[in-house]
1. So, with a 1.4 angstrom probe, what is the percent of accessible area on the chain that is carbon and sulfur?
2. If you line up the long axis of helix 246-257 against the longest principal axis of the chain, both from Cα atoms, how many degrees apart are they, to the nearest 10?
3. Give a residue-ordered list of calculated ³J(HN,Hα) values for the stretch 188-196 (Karplus: 6.51 cos²θ - 1.76 cosθ + 1.60, θ = phi - 60°; whole Hz; x for Gly, Pro).
4. Which residue fluctuates most in the GNM of the chain (Cα springs below 10 Å): 139, 57, 79?
5. Taking only protein heavy atoms and a 1.4 Å probe, what accessible area per residue, in Å², does the chain have with all protein chains in place?
6. For residue 153, list the lysines whose Cα falls under 20 Å from its own Cα; do not include residues on the same chain fewer than 8 positions away.
7. Using 1/(1 + (r/R0)^6) with R0 = 30 angstrom and r between the beta carbons of residue 200 and residue 326, what's the FRET efficiency to the nearest 0.05?
8. Taking 0.36 nm per residue of separation and subtracting the Cα-Cα distance, what length does fully extending residue 368 through residue 155 add?
Amino acid sequence: MVRFPRRPRGGGSEGHPAIELLPCFTIDGPTSRALDDALWIEMAPGGGGVRLFVHITNVAAHLDPAHPSFEMAAERVATRYHPAGNTLMLPRSISEQNASLLPFSSREASTVEIDITTTGDVERTRVYPSTILSRAKLTYAQVPEILADPTAKLHPRVKLLSELALTLLSRRRAHGALALYDLHNGWVSTEEGWLKRVDHDDATVGYVIVQETMILANEAFARFAIANDIPIPYRNHTARAAAPDRAVLRQQIDLAMMGPVQGIERVREQTSLLLNRASYGASVLGHYGLNLPAYTHMTSPIRRFADLVTQQQMFAFLLGKPFPHTPEAIAAFGQRINDKLAADRAASEARWRERAAQSAEQALEAQSFDGLN
């Protein structure tokens, strides 16, 4: 188990107070047991803004690169979800027990603390190791209920988070990000600007809170790594030469969301033609969908291998230890992840094509044409 010094390196010139149990709570799906991120928010000192805390469970404390489970994670690269259940990247003893941010269980974590103005501008960022205690496990569906009940214990925190998330979303859209949420119909945009459906129970402002705060945290981790020469896998996203101006593409997505499903499918197909798949690499190429100069993944080390590698590198820096992975190893990890994800996508697409063909064939045999495209 890693133990942290009382004043960890990397907290900025102001330092950081002695280790204490920092309060937080999680927001996730009702059946989720692998809880790797938690939130807390308070008014910033002096008013005029808020101080956001994003806590990420310290999976690095449970396995180093020599641990057998690390190689398993490198092989699987991510947790896979399917109708019959899921295939976890890490053993349940780690992902759903020892490293999961279960309520009322203290956990070691990596924390990014961000002071944000009322307009969504970041004034100050600190990254440091922490020890946290989750006060509650909220579901997406519970968030609107808490917002509607001023007597709820977490109402002030959730209200601040909701206001912050909408401010961050508005600011990102104003700066050209391909960001959109249609919670009424269950459509949302991914980090890359792709449209996807979310479960009805998850389509609440709670989903927006988690997405917006995680994007902000991942951007902060990327900037922190660059400023301190920490080699990590960056999340890069580029557009193809035929892609129109970002504002035009976003307008097309906005219009499609207001029309019939056929229009959404058409925009999804167009987006797949114009935008490359996001990939991991040791160098920074920028992120087109988010319109950010640098981005990484670190907020889900239980479910994504890239996040675990990033966290191991971050903790090495914060604790003044040698980096466990060289830049060459980071590049190799990135290529392995990209290849694995591409192979998984190809296999999934082949299965869907086969199912669609079978469905169409059955409809033709039954001379039932109403449901066909």
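1. It is 53 percent, rounded to a whole number.
2. Compared with the principal axis, the helix lies near 60 degrees.
3. 9, 9, 7, 4, 8, x, 6, 8, 9
4. 79
5. 48 Å²
6. Partners found: 137.
7. 0.05
8. 71.5 nm
The values are calculated or read from the model by the stated rules, or taken from the named source; none is laboratory data. All of these numbers come straight from a predicted model, not from anything done at the bench. Counting neighbours? That spans all protein chains shown, and the Cβs are built from the backbone with ideal geometry, glycine included. We work out accessible area using only protein heavy atoms, side chains counted, and drop any ligands, DNA or RNA first. Shrake-Rupley method; radii C 1.70, N 1.55, O 1.52, S 1.80 Å.
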